[in-house]
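This report refers to the structure that appears directly beneath it.
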Amino acid sequence: MKKVIIALTAMFSVALGAQAQKFGTVDTQSIMQSLPEITKANGELQAKAQELDNQMKEMQDEFQKNYEAYEKAKATLSADQQKNRENELQEQYNKIQSAAQQNQQDLQKMQQEKMQPIQQKIMTAIQNVGKAGQYTFIFETTAPLYTGAGAKDVTAEVKAEINKIK
C-alpha cells in the first residue's frame with residue numbers, strides 16, 4: 001500500500017510539473033530576413049564574391065592567353081622549351097586552383113565573421129524572451145515534428161527584443 005501511495009504521489013507530482021511547463025516556438029529565419037544587418041552583410045559578401053570572381057577571371061584569361069601562345073609556338077620550340085613552357089602552364093594552372101580554394105575559404109570566413117554577431121544578437125533576444133516569459137523551452141519553428149496547441153509562437157516577441165538590444 002505504501003508503494004502505491006508513493007507511486008501515485010510521484011505521478012501526481014509529474015503531472016503538476018508538466019502542466020507548469022511553458023513551451024514556445026520561434027522562426028529565426030524570418031527574424032534574420034527582417035534584420036537590416038543581414039541585408040548589409042549580404043551586400044558586403046556579394047561585393048567581395050564579385051571582386052574575387054573578377055580576379056579569378058583575370059587569372060583564367062591570362063592562362064588562356066599563355067596557353068594559346070604556347071599552342072601557336074609549339075611547333076617551333078625544342079623539346080626542352082616545350083617541356084619548360086608546359087611546366088610554366090601547369091604551375092600557372094595550379095596557382096589558379098589554389099587561388100580558387102583560398103577565395104572560397106576567405107568567403108566562408110567572412111560570412112562567419114559577419115553572421116556571428118547577428119546570430120548572437122538573436123540568441124540573446126530569444127534567451128531574454130524565454131526568461132521574461134518563463135518558458136521551459138523555445139524551439140525553432142522549422143525543427144519540431146509536432147507542435148501542440150500549448151506552444152506559443154514567440155517570434156514577434158523576439159523581434160521586439162532585438163529592437164531593444166540595438
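The values are calculated or read from the model by the stated rules, or taken from the named source; none is laboratory data. Being a predicted model, the structure only gives us computed values, none of them experimental. A quick note on method: Cβ atoms are made from the backbone with ideal geometry, for glycine too, and the neighbour counts reach across all protein chains shown. Note: accessible area is taken over every heavy atom of the protein model, side chains too, but ligands, DNA and RNA are not part of it. Shrake-Rupley method; radii C 1.70, N 1.55, O 1.52, S 1.80 Å.
Step by step: first the residues of the stretch 20-73, then only those that are within 24 Å of the chain's Cα centre (by Cα) and not in a helix (DSSP H, G or I), then the one that is surrounded by the most Cβ atoms within 10 Å (Cβ to Cβ). Which residue is that? Checked the stretch 20-73; the qualifying residue surrounded by the most Cβ atoms within 10 Å (Cβ to Cβ) is V26. Listed by first and then second residue, the pairs with beta-carbon distance under 8 Å, at least 6 apart or on different chains, first residue in the stretch 87-111 and under 12 Å from F63 (Cα atoms), second modelled with pLDDT under 95 and open to solvent by less than 80 Å² (accessible area, probe 1.4 Å), are L89/Y70. Please state which one of E91, E68, E58 is among the acidic types (D, E), within 30 Å of E113 (Cβ to Cβ) and at pLDDT 95 or above. After ruling out the rest, the residue left standing is E58. Just one of the numbered conditions (1) more than 21 Å from M32 (Cβ to Cβ); (2) exposed (fewer than 14 other Cβ atoms within 10 Å of the Cβ) is not true of Q82: (2). Do you know which of the residues in the stretch 142-164 that are aliphatic (A, V, I, L, M) and either at pLDDT below 80 or open to solvent by 70 Å² or more (accessible area, probe 1.4 Å) (or both) is farthest from G24 (Cα to Cα)? Filtering the stretch 142-164 for residues that are aliphatic (A, V, I, L, M) and either at pLDDT below 80 or open to solvent by 70 Å² or more (accessible area, probe 1.4 Å) (or both), the one farthest from G24 (Cα to Cα) comes out as L145.
Once the stretch 116-141 is narrowed to residues that are open to solvent by less than 80 Å² (accessible area, probe 1.4 Å), hydrophobic (A, V, I, L, M, F, W, C) and closer than 10 Å to G24 by Cβ, the residue that is nearest to the chain's Cα centre (by Cα) is I126. Condition check: within 30 Å of S34 (Cα to Cα) and either among the basic types (K, R) or free of Cβ contacts under 8 Å to residues at least 40 places away in the same chain (or both). Does K131 satisfy that? Answer is yes for this residue.
Going through (1) over 29 Å from G43 (Cα atoms); (2) of a type outside the set (F, W, Y); (3) modelled with pLDDT of 90 or more; (4) open to solvent by 90 Å² or more (accessible area, probe 1.4 Å) one by one, E113 falls short only on (1).
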